[in-house]
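Every number in this text was worked out from the coordinates using simple rules, so none of it is lab data. Predicted, not measured: the structure shown is a model, and the values here were computed from it. In this analysis, Cβ positions are derived from the backbone assuming ideal geometry, glycine residues included, and neighbour counts consider all displayed protein chains.
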Amino acid sequence: SRVTFVTNETQDYYVFVAGYHNKTGIFRLATSIVQPPTNYQCHTAVDVPESYPYSVVGETGTCLPVEDRCQNTRSSGLWYKVKGSGQTFLAHTCSLNTNFDSVIGVFASCTEEAGADGCITHNNDACYTASLVSWRSVMNSEYWILVTGFRNARGTFTLAVEQRSLHPYSRCNESITITKLPFYYSGQTDYLDTSYSECRGMGNQHAVYFRLQ
């Protein structure tokens with residue numbers, strides 16, 4: 001377990017160590033003074049340069065929690081800001097460097113007083129325990145990306161921001177045409193849009209469509 005809190009000078013604080021469901025055992029308690037990263041709040045978000053793809057490494061261990069209106073909770077994470085170009089953006093933590101159950105949220109507005117609002121999209125576990133989101137941007141509009149953890153988990157991540165759409169063959173009207181048999185194709189479904197299939201009787205399926213005449 002780990003807690004982070006802001007202290008007042010001359011105030012005493014009491015740290016209570018106990019076991020979950022009253023479990024008992026040996027423990028080691030460590031305390032230290034830490035400074036949270038400068039971009040743990042949306043109004044101090046790091047500006048993503050308009051040269052893609054963009055990649056950055058972050059660590060959320062000392063972040064203080066803020067209001068997360070995508071998950072309707074308070075979350076500890078790091079913030080990044082993207083300027084819209086009218087194109088589709090992709091943001092993900094699908095990297096071997098991401099060592100915790102990460103969550104990504106994208107917001108339409110941010111003020112220092114009210115924090116981030118207008119949840120556009122969010123995701124947990126699009127690629128194993130890492131996350132991926134995609135949204136269509138509006139020219140010159142600003143978007144705030146929060147990388148946090150499921151149930152406020154913390155750790156190290158690599159965030160990638162790309163200006164591209166998801167795989168174009170994830171819709172039946174945009175299928176890959178099979179023109180010759182035998183036919184071979186090697187693909188990947190990690191970054192696909194979700195679609196509906198009556199054969200499966202359900203939506204939210206990451207899939208590739210093929211068409212055979």
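A few remarks follow.
- The per residue volume of the convex hull around the alpha-carbon atoms of region 24-95 is 169 Å³.
- Scattering profile of region 1-139 at q = 0.08, 0.10, 0.14, 0.18 Å⁻¹ [log10 I(q)/I(0), Debye over alpha-carbon scatterers]: -0.29, -0.44, -0.79, -1.16
- When only alpha carbons are used to place a centre, region 91-112 and region 1-31 end up 28 Å from one another.
- The amide H of residue 205, built 1.01 Å from its N in the peptide plane, has 195 as neighbours under 5 Å, considering only residues 5 or more places off or on other chains.
- Local net charge near residue 87, Cβ-Cβ under 14 Å (Lys/Arg +1, Asp/Glu -1): +1
- Here the simple spin-label model places points 7 Å from the Cα toward Cβ, and for residue 54 and residue 142 these points are separated by 1.2 nm.
- Dimensionless Rg ratio for region 101-213, taking C-alpha atoms and the 2.2 N^0.38 Å reference: 1.33
- Two-site FRET efficiency, residue 34 against residue 87, from Cβ-Cβ distance with R₀ of 41 Å, rounded to 0.05: 0.60
- The aspartates and glutamates whose alpha-carbon is closer than 20 Å to the alpha-carbon of residue 81, local same-chain residues fewer than 8 away aside, are 47, 50, 59, 67, 68, 112, 113, 117, 142, 162.
- The 3J(HN,Hα) values that the Karplus relation (6.51, -1.76, 1.60; θ = phi - 60°) gives for region 174-179 are, in residue order, 10, 7, 7, 8, 8, 9 Hz. Gly and Pro appear as x.
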